[in-house]
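Here is the structure we will look at, set down as C-alpha coordinates.
The values are calculated or read from the model by the stated rules, or taken from the named source; none is laboratory data. Just so it is clear, the model here is predicted, and its values are computed rather than measured. Heads up, the Cβs are rebuilt from the backbone with ideal geometry, glycines too, and the neighbour counts pull from every protein chain shown. With ligands, DNA and RNA removed, areas are computed over all heavy atoms of the protein, side chains included. Shrake-Rupley method; radii C 1.70, N 1.55, O 1.52, S 1.80 Å.
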Amino acid sequence: MNISTYALENDDKFFFIAMLTMAANGLELSEKDLILVDIEQAEGKKFWLKYHTEKQLIAFAYENMVDATWFLEKPIQLAKLKSLLKLLSQTSNKQPIVEPTPIVESTPIVESTPIVKPNDSFDPSLFLTGVFLKHEAICIKAANFAPLYILPEQNSCLTTVDINFRHLNSEQKQFFEAEISQIETESLTADDIATRSDLYKYPIESFLWATTLCSSKGSLLNGISVDETKILLKQWPDFSILVHDIAHIRLAAIMVRRSLTLKSLADRTQIPIETVVNFFNACFITQLIEINNNISDENESIYSSEQHSIFKSILNKLE
Amino acid sequence: MKEIKLVFTGSMGAGKTTAISAISEIPVINTDVRTIGEDAQYKKTTTAAMDYGELTLDDGNKLRLYGTPGQERFQYMWPIIIKGALGLIILVDDANSHPLKDLALFINYFRDHINKIPTVVGITRRDLEQGPNIQEYHDYLHKEGLKLPIFSIDARQRDNIILMIQALTAMVEFN
(Lines give C-alpha, C1' and ligand atoms only; values in the text may rest on other atoms or scores of the structure.)
Protein backbone atom coordinates (compact mmCIF):
# COMPACT_ATOMS: atom_id res chain seq x y z
CA MET A 1 0.00 0.00 0.00
CA ASN A 2 1.38 3.35 -0.96
CA ILE A 3 -0.14 6.33 0.81
CA SER A 4 0.80 9.82 -0.32
CA THR A 5 -0.34 13.02 1.32
CA TYR A 6 -1.95 16.17 -0.01
CA ALA A 7 -2.31 19.58 1.67
CA LEU A 8 -1.18 18.27 5.06
CA GLU A 9 0.51 20.72 7.39
CA ASN A 10 4.16 19.97 8.11
CA ASP A 11 3.56 18.52 11.57
CA ASP A 12 0.79 16.26 10.36
CA LYS A 13 2.84 15.09 7.41
CA PHE A 14 5.82 14.11 9.50
CA PHE A 15 3.73 12.48 12.20
CA PHE A 16 1.88 10.52 9.54
CA ILE A 17 5.05 9.34 7.86
CA ALA A 18 6.68 8.43 11.14
CA MET A 19 3.66 6.54 12.44
CA LEU A 20 2.86 4.73 9.23
CA THR A 21 5.50 2.03 9.61
CA MET A 22 4.46 1.40 13.21
CA ALA A 23 0.79 1.26 12.33
CA ALA A 24 1.30 -1.03 9.35
CA ASN A 25 3.29 -3.55 11.35
CA GLY A 26 1.74 -7.01 11.16
CA LEU A 27 -0.89 -6.06 8.57
CA GLU A 28 -1.09 -7.59 5.13
CA LEU A 29 -1.37 -4.56 2.92
CA SER A 30 -2.27 -4.66 -0.74
CA GLU A 31 -0.62 -2.74 -3.55
CA LYS A 32 -3.10 0.12 -3.50
CA ASP A 33 -2.28 3.77 -4.06
CA LEU A 34 -4.07 6.06 -1.68
CA ILE A 35 -3.85 9.75 -0.92
CA LEU A 36 -4.43 11.26 2.51
CA VAL A 37 -6.02 14.68 1.98
CA ASP A 38 -6.43 17.40 4.59
CA ILE A 39 -9.93 18.54 3.68
CA GLU A 40 -9.79 21.37 6.18
CA GLN A 41 -7.22 23.15 4.03
CA ALA A 42 -8.61 25.15 1.09
CA GLU A 43 -6.33 23.35 -1.36
CA GLY A 44 -7.17 19.98 0.11
CA LYS A 45 -10.90 20.66 -0.08
CA LYS A 46 -10.58 21.66 -3.72
CA PHE A 47 -8.57 18.53 -4.44
CA TRP A 48 -11.13 16.38 -2.67
CA LEU A 49 -14.04 17.81 -4.65
CA LYS A 50 -12.20 17.33 -7.91
CA TYR A 51 -10.87 13.81 -7.41
CA HIS A 52 -12.85 11.96 -4.77
CA THR A 53 -14.83 9.98 -7.33
CA GLU A 54 -11.87 8.89 -9.38
CA LYS A 55 -9.02 8.36 -6.91
CA GLN A 56 -8.76 6.51 -3.63
CA LEU A 57 -8.70 9.31 -1.13
CA ILE A 58 -8.64 9.29 2.65
CA ALA A 59 -10.23 12.36 4.19
CA PHE A 60 -8.21 13.88 7.02
CA ALA A 61 -10.07 16.26 9.36
CA TYR A 62 -11.45 16.68 12.85
CA GLU A 63 -14.85 15.51 11.60
CA ASN A 64 -15.92 13.44 8.63
CA MET A 65 -17.89 16.30 7.12
CA VAL A 66 -17.69 14.92 3.57
CA ASP A 67 -18.98 11.52 4.64
CA ALA A 68 -15.86 9.88 3.23
CA THR A 69 -15.56 6.11 3.05
CA TRP A 70 -12.01 6.37 4.31
CA PHE A 71 -11.50 8.84 7.08
CA LEU A 72 -8.66 9.62 9.48
CA GLU A 73 -9.52 11.80 12.44
CA LYS A 74 -7.25 14.66 13.52
CA PRO A 75 -4.97 14.77 15.42
CA ILE A 76 -3.07 11.78 14.09
CA GLN A 77 -2.85 9.02 16.64
CA LEU A 78 -1.26 5.66 16.18
CA ALA A 79 -4.32 3.72 17.31
CA LYS A 80 -6.60 5.55 14.84
CA LEU A 81 -4.15 5.12 11.97
CA LYS A 82 -3.80 1.44 12.80
CA SER A 83 -7.59 0.94 12.75
CA LEU A 84 -7.83 2.68 9.39
CA LEU A 85 -5.06 0.56 7.87
CA LYS A 86 -6.67 -2.58 9.24
CA LEU A 87 -9.95 -1.58 7.67
CA LEU A 88 -8.25 -0.73 4.39
CA SER A 89 -6.35 -4.02 4.29
CA GLN A 90 -9.50 -6.05 5.04
CA THR A 91 -11.61 -4.21 2.48
CA SER A 92 -9.03 -4.11 -0.24
CA ASN A 93 -8.42 -7.85 0.16
CA LYS A 94 -12.12 -8.63 -0.31
CA GLN A 95 -13.79 -5.94 -2.37
CA PRO A 96 -11.51 -3.52 -4.13
CA ILE A 97 -12.83 0.00 -4.07
CA VAL A 98 -12.59 2.30 -7.08
CA GLU A 99 -9.38 1.64 -8.97
CA PRO A 100 -6.96 4.52 -8.66
CA THR A 101 -6.51 6.77 -11.62
CA PRO A 102 -2.86 7.62 -12.21
CA ILE A 103 -2.16 11.19 -11.33
CA VAL A 104 -1.31 13.27 -14.38
CA GLU A 105 2.41 13.80 -14.21
CA SER A 106 2.29 17.41 -15.26
CA THR A 107 0.09 18.26 -12.30
CA PRO A 108 2.28 18.44 -9.21
CA ILE A 109 -0.49 17.57 -6.83
CA VAL A 110 0.97 14.88 -4.65
CA GLU A 111 3.50 16.40 -2.32
CA SER A 112 5.13 13.49 -0.65
CA THR A 113 7.13 10.68 -2.12
CA PRO A 114 6.37 7.06 -1.35
CA ILE A 115 7.57 6.18 2.08
CA VAL A 116 10.89 4.42 1.98
CA LYS A 117 12.31 2.99 5.14
CA PRO A 118 16.05 3.43 5.43
CA ASN A 119 17.90 0.35 6.61
CA ASP A 120 19.15 1.97 9.77
CA SER A 121 15.87 3.53 10.83
CA PHE A 122 14.39 2.88 14.25
CA ASP A 123 11.27 0.76 14.06
CA PRO A 124 9.54 0.92 17.46
CA SER A 125 7.42 -2.11 16.66
CA LEU A 126 10.53 -4.29 16.87
CA PHE A 127 11.08 -3.33 20.49
CA LEU A 128 9.20 -2.96 23.75
CA THR A 129 8.10 0.51 22.61
CA GLY A 130 5.82 -1.13 20.05
CA VAL A 131 4.07 -3.08 22.81
CA PHE A 132 3.34 0.13 24.72
CA LEU A 133 2.07 1.84 21.58
CA LYS A 134 -0.63 -0.80 21.16
CA HIS A 135 -2.47 0.67 24.16
CA GLU A 136 -3.53 -2.78 25.34
CA ALA A 137 -3.91 -3.99 28.90
CA ILE A 138 -1.26 -6.70 29.12
CA CYS A 139 1.33 -8.30 31.32
CA ILE A 140 4.86 -8.30 29.90
CA LYS A 141 7.73 -10.59 30.74
CA ALA A 142 11.16 -9.92 29.26
CA ALA A 143 14.88 -10.10 30.01
CA ASN A 144 14.50 -11.74 33.44
CA PHE A 145 12.68 -8.65 34.68
CA ALA A 146 9.74 -8.92 37.06
CA PRO A 147 6.36 -8.99 35.26
CA LEU A 148 5.21 -5.58 34.14
CA TYR A 149 1.50 -4.86 34.13
CA ILE A 150 0.31 -2.23 31.65
CA LEU A 151 -3.07 -0.59 32.20
CA PRO A 152 -3.53 2.05 29.46
CA GLU A 153 -6.93 3.15 30.78
CA GLN A 154 -5.30 4.12 34.04
CA ASN A 155 -2.21 5.43 32.21
CA SER A 156 -0.19 3.20 34.51
CA CYS A 157 2.46 0.53 34.55
CA LEU A 158 2.87 -1.57 37.67
CA THR A 159 5.68 -3.83 38.78
CA THR A 160 7.27 -5.11 41.98
CA VAL A 161 10.51 -3.31 41.09
CA ASP A 162 11.27 0.08 42.62
CA ILE A 163 12.76 1.90 39.61
CA ASN A 164 14.80 5.05 39.94
CA PHE A 165 14.55 6.49 36.44
CA ARG A 166 17.54 8.71 37.17
CA HIS A 167 19.85 5.75 37.71
CA LEU A 168 18.80 2.62 35.84
CA ASN A 169 20.72 -0.49 36.77
CA SER A 170 21.98 -2.91 34.13
CA GLU A 171 19.04 -5.31 34.58
CA GLN A 172 16.58 -2.48 34.01
CA LYS A 173 18.52 -1.26 30.97
CA GLN A 174 18.40 -4.75 29.48
CA PHE A 175 14.66 -4.83 29.98
CA PHE A 176 14.15 -1.47 28.29
CA GLU A 177 16.29 -2.57 25.34
CA ALA A 178 14.37 -5.83 24.87
CA GLU A 179 13.50 -6.83 21.33
CA ILE A 180 10.01 -8.02 20.48
CA SER A 181 11.22 -11.60 20.05
CA GLN A 182 12.34 -11.64 23.70
CA ILE A 183 9.03 -10.42 25.06
CA GLU A 184 6.19 -12.59 26.32
CA THR A 185 2.77 -11.03 26.75
CA GLU A 186 -0.43 -12.12 28.44
CA SER A 187 -3.76 -10.34 28.42
CA LEU A 188 -4.71 -8.56 31.60
CA THR A 189 -7.59 -6.79 33.29
CA ALA A 190 -7.36 -4.24 36.08
CA ASP A 191 -9.15 -6.71 38.38
CA ASP A 192 -6.31 -9.25 38.00
CA ILE A 193 -3.99 -7.05 40.05
CA ALA A 194 -6.52 -5.00 42.01
CA THR A 195 -5.68 -6.70 45.31
CA ARG A 196 -1.90 -6.59 44.90
CA SER A 197 -0.26 -4.29 47.42
CA ASP A 198 3.33 -5.08 46.42
CA LEU A 199 3.29 -3.15 43.15
CA TYR A 200 4.91 0.20 42.41
CA LYS A 201 2.89 2.37 40.02
CA TYR A 202 4.48 4.45 37.25
CA PRO A 203 3.07 6.58 34.43
CA ILE A 204 3.14 4.74 31.06
CA GLU A 205 5.03 7.72 29.69
CA SER A 206 8.05 6.81 31.87
CA PHE A 207 8.25 3.35 30.26
CA LEU A 208 7.49 4.49 26.73
CA TRP A 209 10.24 7.06 27.05
CA ALA A 210 12.76 4.66 28.61
CA THR A 211 12.22 1.87 26.07
CA THR A 212 12.58 4.29 23.16
CA LEU A 213 15.63 6.00 24.58
CA CYS A 214 17.37 2.70 25.40
CA SER A 215 16.49 0.77 22.24
CA SER A 216 17.03 3.51 19.61
CA LYS A 217 20.83 3.15 19.69
CA GLY A 218 21.35 6.07 17.34
CA SER A 219 18.80 4.93 14.71
CA LEU A 220 16.31 7.60 13.73
CA LEU A 221 12.56 7.16 13.33
CA ASN A 222 11.41 6.74 9.78
CA GLY A 223 10.48 9.88 7.84
CA ILE A 224 12.82 12.26 9.65
CA SER A 225 15.98 13.62 8.10
CA VAL A 226 18.99 14.33 10.31
CA ASP A 227 20.06 17.34 8.31
CA GLU A 228 16.80 18.59 6.76
CA THR A 229 13.90 18.25 9.18
CA LYS A 230 13.80 21.15 11.61
CA ILE A 231 12.25 20.31 14.89
CA LEU A 232 11.09 22.13 17.97
CA LEU A 233 10.18 20.81 21.40
CA LYS A 234 6.58 21.70 22.31
CA GLN A 235 7.45 21.74 26.00
CA TRP A 236 10.04 20.50 28.45
CA PRO A 237 9.82 16.77 29.20
CA ASP A 238 9.06 16.07 32.86
CA PHE A 239 12.54 14.74 33.53
CA SER A 240 11.66 13.89 37.12
CA ILE A 241 9.78 10.82 35.87
CA LEU A 242 11.97 10.09 32.82
CA VAL A 243 15.35 8.45 32.27
CA HIS A 244 17.74 11.27 31.53
CA ASP A 245 21.20 12.67 31.92
CA ILE A 246 22.58 16.16 31.69
CA ALA A 247 22.89 15.97 27.87
CA HIS A 248 19.12 15.54 27.60
CA ILE A 249 18.48 18.55 29.82
CA ARG A 250 20.82 20.64 27.66
CA LEU A 251 19.08 19.43 24.50
CA ALA A 252 15.67 20.30 25.90
CA ALA A 253 16.85 23.81 26.79
CA ILE A 254 17.85 24.55 23.20
CA MET A 255 15.05 22.59 21.52
CA VAL A 256 12.24 24.51 23.22
CA ARG A 257 13.68 27.75 21.92
CA ARG A 258 15.09 27.04 18.48
CA SER A 259 13.89 25.14 15.47
CA LEU A 260 16.97 23.17 14.36
CA THR A 261 17.88 19.99 12.54
CA LEU A 262 19.25 17.13 14.60
CA LYS A 263 22.64 17.65 13.02
CA SER A 264 22.69 21.34 13.97
CA LEU A 265 21.68 20.40 17.48
CA ALA A 266 24.60 18.00 17.76
CA ASP A 267 26.98 20.62 16.35
CA ARG A 268 25.79 23.41 18.63
CA THR A 269 25.73 21.38 21.81
CA GLN A 270 28.72 19.15 21.03
CA ILE A 271 26.54 16.22 22.06
CA PRO A 272 27.09 13.04 19.99
CA ILE A 273 24.51 12.68 17.20
CA GLU A 274 23.49 9.24 18.55
CA THR A 275 22.45 10.82 21.84
CA VAL A 276 20.56 13.56 20.00
CA VAL A 277 18.75 10.96 17.87
CA ASN A 278 17.83 8.79 20.86
CA PHE A 279 16.49 11.84 22.68
CA PHE A 280 14.56 12.98 19.62
CA ASN A 281 12.96 9.54 19.20
CA ALA A 282 11.87 9.48 22.85
CA CYS A 283 10.42 13.00 22.56
CA PHE A 284 8.64 12.08 19.32
CA ILE A 285 7.10 8.89 20.69
CA THR A 286 5.80 10.80 23.72
CA GLN A 287 4.37 13.47 21.38
CA LEU A 288 6.58 16.34 22.45
CA ILE A 289 7.91 17.18 18.99
CA GLU A 290 6.72 19.80 16.56
CA ILE A 291 8.08 19.90 13.03
CA ASN A 292 8.89 23.52 12.34
CA ASN A 293 10.85 24.48 9.27
CA ASN A 294 10.66 28.18 10.04
CA ILE A 295 13.89 29.93 10.78
CA SER A 296 14.26 30.64 14.49
CA ASP A 297 15.11 34.09 15.71
CA GLU A 298 18.72 34.21 16.70
CA ASN A 299 18.35 36.91 19.32
CA GLU A 300 21.34 37.80 21.39
CA SER A 301 21.40 35.89 24.65
CA ILE A 302 20.07 37.81 27.65
CA TYR A 303 22.34 35.82 29.92
CA SER A 304 26.08 36.33 30.28
CA SER A 305 28.78 33.71 30.24
CA GLU A 306 29.49 34.77 33.83
CA GLN A 307 25.96 33.73 34.86
CA HIS A 308 26.51 30.39 33.15
CA SER A 309 29.79 29.79 34.94
CA ILE A 310 28.17 30.64 38.30
CA PHE A 311 25.42 28.10 37.65
CA LYS A 312 28.02 25.52 36.63
CA SER A 313 29.93 26.09 39.83
CA ILE A 314 26.69 25.63 41.81
CA LEU A 315 26.11 22.31 40.06
CA ASN A 316 29.72 21.24 40.63
CA LYS A 317 29.20 21.82 44.30
CA LEU A 318 25.90 19.96 44.46
CA GLU A 319 26.60 16.93 42.28
CA MET B 1 32.76 38.47 47.28
CA LYS B 2 29.52 39.13 45.49
CA GLU B 3 26.00 38.13 46.39
CA ILE B 4 24.76 35.14 44.43
CA LYS B 5 21.13 34.52 45.11
CA LEU B 6 18.69 31.79 44.16
CA VAL B 7 15.06 32.40 45.07
CA PHE B 8 12.41 29.81 45.88
CA THR B 9 8.87 31.11 45.73
CA GLY B 10 5.45 29.51 45.55
CA SER B 11 2.32 28.66 47.41
CA MET B 12 2.12 27.98 51.11
CA GLY B 13 3.04 24.41 51.95
CA ALA B 14 4.58 23.78 48.53
CA GLY B 15 7.90 22.84 50.11
CA LYS B 16 10.10 25.93 49.75
CA THR B 17 11.68 25.54 53.19
CA THR B 18 12.16 21.82 52.61
CA ALA B 19 13.71 22.37 49.18
CA ILE B 20 16.19 24.89 50.56
CA SER B 21 17.05 22.50 53.41
CA ALA B 22 17.78 19.78 50.84
CA ILE B 23 20.74 21.69 49.41
CA SER B 24 21.76 24.15 52.14
CA GLU B 25 24.92 23.44 54.07
CA ILE B 26 23.60 25.32 57.09
CA PRO B 27 20.34 24.67 58.95
CA VAL B 28 17.68 26.80 57.29
CA ILE B 29 16.97 30.01 59.13
CA ASN B 30 13.29 30.84 59.02
CA THR B 31 10.83 33.22 60.52
CA ASP B 32 7.67 31.22 61.09
CA VAL B 33 4.45 32.68 62.42
CA ARG B 34 1.06 31.15 63.10
CA THR B 35 -0.88 30.66 59.86
CA ILE B 36 -4.15 32.56 59.67
CA GLY B 37 -7.23 32.31 57.48
CA GLU B 38 -8.26 29.31 55.41
CA ASP B 39 -4.66 28.16 55.11
CA ALA B 40 -4.52 27.41 58.85
CA GLN B 41 -6.29 24.11 58.32
CA TYR B 42 -3.42 22.91 56.12
CA LYS B 43 -0.38 24.22 57.95
CA LYS B 44 -0.02 25.50 61.53
CA THR B 45 2.90 27.86 60.90
CA THR B 46 4.20 29.63 57.80
CA THR B 47 7.20 31.72 56.82
CA ALA B 48 6.69 35.42 57.59
CA ALA B 49 9.77 37.15 56.24
CA MET B 50 11.92 34.59 54.48
CA ASP B 51 13.78 31.31 54.63
CA TYR B 52 17.51 31.44 54.31
CA GLY B 53 20.08 28.79 53.48
CA GLU B 54 23.64 28.86 52.16
CA LEU B 55 26.05 26.92 50.03
CA THR B 56 29.74 27.79 49.76
CA LEU B 57 31.02 27.46 46.23
CA ASP B 58 34.51 26.24 45.36
CA ASP B 59 35.75 29.79 44.71
CA GLY B 60 34.67 30.85 48.20
CA ASN B 61 31.58 32.73 47.04
CA LYS B 62 28.39 31.97 48.89
CA LEU B 63 25.21 30.96 47.15
CA ARG B 64 22.38 32.42 49.19
CA LEU B 65 19.14 30.49 49.04
CA TYR B 66 16.08 32.55 49.82
CA GLY B 67 12.52 31.37 50.23
CA THR B 68 9.70 33.88 49.98
CA PRO B 69 6.82 33.76 52.43
CA GLY B 70 3.92 31.77 50.95
CA GLN B 71 0.92 33.66 52.26
CA GLU B 72 -0.11 36.68 50.23
CA ARG B 73 -0.29 38.88 53.35
CA PHE B 74 3.52 38.83 53.38
CA GLN B 75 3.77 39.80 49.71
CA TYR B 76 5.62 42.98 50.61
CA MET B 77 8.71 40.79 51.10
CA TRP B 78 8.68 39.37 47.58
CA PRO B 79 10.24 42.32 45.70
CA ILE B 80 12.92 42.67 48.36
CA ILE B 81 13.91 39.03 48.10
CA ILE B 82 13.83 38.69 44.30
CA LYS B 83 16.04 41.74 43.67
CA GLY B 84 19.30 40.66 42.04
CA ALA B 85 18.40 36.95 41.92
CA LEU B 86 20.36 34.67 39.60
CA GLY B 87 17.42 32.32 39.10
CA LEU B 88 13.89 31.65 40.27
CA ILE B 89 12.27 28.39 41.33
CA ILE B 90 8.48 28.44 41.63
CA LEU B 91 6.97 25.62 43.71
CA VAL B 92 3.29 24.77 43.50
CA ASP B 93 1.47 22.38 45.82
CA ASP B 94 -0.53 20.11 43.53
CA ALA B 95 -2.69 18.97 46.45
CA ASN B 96 -3.80 22.53 47.20
CA SER B 97 -7.39 23.43 46.28
CA HIS B 98 -6.49 25.64 43.28
CA PRO B 99 -2.94 24.85 42.13
CA LEU B 100 -3.35 26.47 38.70
CA LYS B 101 -4.49 29.69 40.35
CA ASP B 102 -1.50 29.47 42.66
CA LEU B 103 0.83 29.14 39.69
CA ALA B 104 -0.88 32.07 37.96
CA LEU B 105 -0.40 34.25 41.03
CA PHE B 106 3.36 33.73 41.05
CA ILE B 107 3.77 33.91 37.29
CA ASN B 108 1.90 37.20 37.18
CA TYR B 109 3.70 38.68 40.14
CA PHE B 110 7.20 37.71 38.96
CA ARG B 111 6.55 38.09 35.23
CA ASP B 112 9.10 40.86 34.72
CA HIS B 113 11.74 38.79 36.47
CA ILE B 114 10.83 35.64 34.57
CA ASN B 115 11.60 37.53 31.37
CA LYS B 116 15.07 38.33 32.68
CA ILE B 117 16.22 35.39 34.79
CA PRO B 118 15.95 31.63 34.21
CA THR B 119 12.88 30.20 35.93
CA VAL B 120 11.71 26.68 36.59
CA VAL B 121 8.45 25.34 38.02
CA GLY B 122 8.35 22.43 40.46
CA ILE B 123 5.01 20.77 41.21
CA THR B 124 5.01 19.05 44.58
CA ARG B 125 2.78 16.37 46.11
CA ARG B 126 1.83 15.01 42.67
CA ASP B 127 1.81 11.53 44.20
CA LEU B 128 -1.52 12.32 45.84
CA GLU B 129 -3.03 12.64 42.33
CA GLN B 130 -5.39 15.39 43.44
CA GLY B 131 -4.43 18.21 41.10
CA PRO B 132 -4.42 18.87 37.37
CA ASN B 133 -2.25 16.73 35.12
CA ILE B 134 1.12 18.16 34.17
CA GLN B 135 -0.18 19.10 30.71
CA GLU B 136 -2.66 21.54 32.23
CA TYR B 137 0.22 23.41 33.88
CA HIS B 138 2.03 23.54 30.52
CA ASP B 139 -1.15 24.70 28.79
CA TYR B 140 -1.50 27.55 31.25
CA LEU B 141 2.11 28.63 30.67
CA HIS B 142 1.69 28.39 26.90
CA LYS B 143 -1.29 30.75 27.12
CA GLU B 144 1.01 33.11 28.93
CA GLY B 145 3.58 32.75 26.14
CA LEU B 146 6.02 30.86 28.37
CA LYS B 147 7.84 27.57 27.84
CA LEU B 148 9.32 26.97 31.26
CA PRO B 149 10.47 23.59 32.54
CA ILE B 150 7.83 21.98 34.77
CA PHE B 151 8.89 19.02 36.87
CA SER B 152 6.93 16.85 39.30
CA ILE B 153 9.16 17.00 42.33
CA ASP B 154 9.51 15.85 45.88
CA ALA B 155 10.98 18.83 47.75
CA ARG B 156 12.70 16.47 50.21
CA GLN B 157 14.73 14.86 47.45
CA ARG B 158 18.06 16.55 46.83
CA ASP B 159 18.17 14.96 43.34
CA ASN B 160 14.94 16.75 42.44
CA ILE B 161 16.27 20.13 43.52
CA ILE B 162 19.47 19.49 41.56
CA LEU B 163 17.36 18.64 38.49
CA MET B 164 15.74 22.08 38.68
CA ILE B 165 19.14 23.76 38.97
CA GLN B 166 20.44 21.70 36.03
CA ALA B 167 17.52 23.03 33.98
CA LEU B 168 18.27 26.62 35.03
CA THR B 169 21.91 26.11 34.03
CA ALA B 170 20.97 24.72 30.61
CA MET B 171 18.54 27.60 30.04
CA VAL B 172 21.32 30.10 30.66
CA GLU B 173 23.67 28.19 28.35
CA PHE B 174 21.24 28.03 25.42
CA ASN B 175 19.05 31.09 25.75
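Report, by residue number, each residue of the stretch A:197-217 that is part of a helix (DSSP H, G or I) and touching a Ser or Thr at 6+ places or on another chain (Cβ under 8 Å).
In the first step, residues of the stretch A:197-217 are kept if they are part of a helix (DSSP H, G or I); the result is A:204-216.
The answer is A:I204, A:E205, A:L208, A:W209, A:T211, A:T212, A:S215.
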**Complete:** Among strands (runs of 3 or more DSSP E) entirely within the stretch A:138-196, at least 3 residues that are buried (at least 16 other Cβ atoms within 10 Å of the Cβ) and aliphatic (A, V, I, L, M) occur in A:148-151
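Would it be correct to say that B:G67 is more than 9 Å from chain A (Cβ to nearest Cβ) and either open to solvent by less than 10 Å² (accessible area, probe 1.4 Å) or of a type in the set (S, T, Y) (or both)? Don't jump to the end; show me each part of the working.
Details: more than 9 Å from chain A (Cβ to nearest Cβ): yes; either open to solvent by less than 10 Å² (accessible area, probe 1.4 Å) or of a type in the set (S, T, Y) (or both): yes.
Answer is yes for this residue.
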**Request:** Any residue in the stretch A:258-270 that's free of Cβ contacts under 8 Å to residues at least 12 places away in the same chain: show its pairings with residues that are open to solvent by 10 Å² or more (accessible area, probe 1.4 Å) at Cβ separation under 6 Å, as long as the two are six or more apart or on different chains.
**Result:** A:A266/A:I273
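I'd like to know if the stretch B:74-84 contains one or more residues that are at positive phi, open to solvent by 10 Å² or more (accessible area, probe 1.4 Å), within 14 Å of chain A (Cβ to nearest Cβ) and touching a residue at least 40 places away in the same chain (Cβ under 8 Å).
So the first thing to find is which residues in the stretch B:74-84 are at positive phi, and the list is B:84.
Among the residues that remain, those that are also open to solvent by 10 Å² or more (accessible area, probe 1.4 Å) are: B:84.
Within this subset, residues satisfying the condition of being within 14 Å of chain A (Cβ to nearest Cβ) are B:84.
Among the residues that remain, those that are also touching a residue at least 40 places away in the same chain (Cβ under 8 Å) are: B:84.
Yes: the stretch B:74-84 contains one or more residues that are at positive phi, open to solvent by 10 Å² or more (accessible area, probe 1.4 Å), within 14 Å of chain A (Cβ to nearest Cβ) and touching a residue at least 40 places away in the same chain (Cβ under 8 Å).
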**Asked** Residues of the stretch A:244-265 being modelled with pLDDT of 95 or more, away from chain B (no Cβ under 12 Å) and touching a Leu at 6+ places or on another chain (Cβ under 9 Å), which ones?
**Response** A:L262
**Prompt:** So which residues in the stretch A:37-84 are under 23 Å from A:L288 (Cβ atoms) and in a helix (DSSP H, G or I), if there are any at all?
**Reply:** A:L78, A:A79, A:K80, A:L81, A:K82
**Request:** Specify which of the listed residues (A:A210, A:A190) is touching a residue at least 12 places away in the same chain (Cβ under 8 Å) and in contact with an Asp or Glu (Cβ under 9 Å, 6 or more places away or on another chain).
**Result:** A:A190
**Item:** Exclusive hit being farther than 26 Å from A:F280 by Cβ, touching a Pro at 6+ places or on another chain (Cβ under 9 Å) and either at pLDDT below 90 or hydroxyl-bearing (S, T, Y) (or both), set A:T107, A:T159
**Value:** A:T159
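Any residue in the stretch B:105-113 that is open to solvent by less than 20 Å² (accessible area, probe 1.4 Å), in a loop (DSSP other than H, G, I, E, B), more than 14 Å from every other protein chain (Cβ to nearest Cβ) and not β-branched (V, I, T)? Don't jump to the end; show me each part of the working.
First, the residues of the stretch B:105-113 that are open to solvent by less than 20 Å² (accessible area, probe 1.4 Å): B:106-107, B:110.
Applying the additional criterion that residues be in a loop (DSSP other than H, G, I, E, B) yields B:110.
Applying the additional criterion that residues be more than 14 Å from every other protein chain (Cβ to nearest Cβ) yields B:110.
Retained after the next criterion (residues that are not β-branched (V, I, T)): B:110.
Yes, the stretch B:105-113 contains a residue that is open to solvent by less than 20 Å² (accessible area, probe 1.4 Å), in a loop (DSSP other than H, G, I, E, B), more than 14 Å from every other protein chain (Cβ to nearest Cβ) and not β-branched (V, I, T).
Kindly indicate the residue of the stretch B:122-133 that is out of contact with any Phe, Trp or Tyr (no Cβ under 7 Å at 6 or more places or on another chain) and crowded, with 21+ Cβ neighbours inside 10 Å and also nearest to the other protein chains (Cβ to nearest Cβ) among those meeting that condition.
Of all residues in the stretch B:122-133, those out of contact with any Phe, Trp or Tyr (no Cβ under 7 Å at 6 or more places or on another chain) come to B:124-133.
Then drop every residue that is not crowded, with 21+ Cβ neighbours inside 10 Å, which leaves B:124-126, B:131.
Details: B:T124: 11, B:R125: 13, B:R126: 9, B:G131: 14 Å.
This residue is B:R126.
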**Residue, least open to solvent (accessible area, probe 1.4 Å), within the stretch A:199-240, restricted to residues that are among the charged types (D, E, K, R) and more than 14 Å from the chain's Cα centre (by Cα)** = A:D238
**Asked** (1) at pLDDT 95 or above; (2) touching a Pro at 6+ places or on another chain (Cβ under 8 Å): which one isn't true of B:P118, the others all being true?
**Response** (2)
**Residues of the stretch A:235-273 satisfying the condition of being of a type in the set (S, T, Y) and outside any loop (DSSP other than H, G, I, E, B)** = A:S240, A:S264, A:T269
**Prompt:** Residues in the stretch B:142-160 that are crowded, with 21+ Cβ neighbours inside 10 Å and more than 8 Å from every other protein chain (Cβ to nearest Cβ): how many?
**Reply:** 1
**Prompt:** Does any residue of the stretch A:220-234 turn out to be assigned to a helix (DSSP H, G or I) and either away from chain B (no Cβ under 14 Å) or under 25 Å from B:V121 (Cβ atoms) (or both)?
**Reply:** no
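Would you check if A:N293 is more than 9 Å from chain B (Cβ to nearest Cβ) and at pLDDT 95 or above? Explain how you work it out, then say what you get.
Numbers: more than 9 Å from chain B (Cβ to nearest Cβ): yes; at pLDDT 95 or above: no.
No; evaluated as a whole, the condition is false for this residue.
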